[in-house]
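The values are calculated or read from the model by the stated rules, or taken from the named source; none is laboratory data. Not measured: the values here are computed from a predicted model. Here the Cβ is made from the backbone with ideal geometry for all residues, glycine too, and neighbour counts use every protein chain on show. To get the accessible areas, we keep the full protein, side chains included, count just its heavy atoms, and leave off ligands, DNA and RNA. Shrake-Rupley method; radii C 1.70, N 1.55, O 1.52, S 1.80 Å.
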Amino acid sequence: MSYAIIGFGEIGQTLAKAFARSGINVSVATTRDPKSFASDAAAIGPEVTARTLAEAAKADVIFLAVRFEQHPDVAKALPSWKGKIIVDVTNAYGVPDEDLGGQPSARVVARAFTGATVVKGFNHLVARVLEQDPAVHGGRRVVFLASDDDDAASEIGTLAENLGFAPIKLGGLSDGGLLVQAHGNSWGRLIFKDLFKKAS
């Protein structure tokens, strides 16, 4: 499997550090020329490579780590995202419910990325927490995953484990997704819950 992170702000860089820490290669991209952030990517580790948006979109698994409002622009990079897994790391902060059409924000993202399978995940913790070593006191930091495709959720769950985290599946986007959704001025029940799972 090949991996890419689209978005190189706080969360995008934090995710890149997690890949580098685990020795897993990942491409990083924004809508900007990759030369503008190539040195920052290289500073994280040799596993992290700056790419154009078009190049990063070729990956099998793509972490969407941009502002929620930017996701339609990213979706235009390909006419079809069929066969790809999009990990939706966005939060619709300040976006009114009416702008989401009464849908969970992850469903809005899924609609934009035609043909892709969407997994909501890695979004419930702020960057400064997510970037810490996930192994603490004999346990691992929890990341929540929600998807309408159990195979995709399992695939991202395995990746999360390889990155050092303890994945917990929450079910589909309409139920589990709401538990980790931040939108408008409301928060899902699991947003910002920094939990650990002890080794069995």
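Assorted remarks:
- Legend: P(r) of segment 12-58 from all alpha carbon pair distances, 10 Å bins from 0, whole percents, reading 32, 58, 11.
- Here the chain carries DSSP beta bridges of which approximately 30% are antiparallel, counting only pairs with both residues inside.
- Diffusion coefficient of segment 1-103 by Stokes-Einstein, Kirkwood radius over Cα pairs, 20 °C, 1.002 mPa s: 153 µm²/s.
- For the chain: accessible area per residue (Å², 1.4 Å): 47
- Cα centroid of segment 128-165 to Cα centroid of segment 1-62, whole Å: 18
- Relative to the 2.2 N^0.38 Å rule of thumb, segment 58-111 has a C-alpha radius of gyration ratio of 1.13.
- Carbon + sulfur, % of accessible area of segment 1-109 - ligands and nucleic acids excluded, 1.4 Å: 48
- The relative contact order of the chain, computed from alpha carbon pairs under 8 Å that lie at least 6 residues apart in sequence, is 19 percent.
- In the list (i) 44, 39, 30; (ii) 46, 43, 37; (iii) 64, 43, 30, the label attached to Cα extents along the principal axes in Å as derived from the coordinates here is (i).
- Each peptide in 93-102, 10-19 gets a packing score, the mean of other Cβ atoms within 10 Å over its residues, and the list from highest to lowest is 10-19, 93-102.
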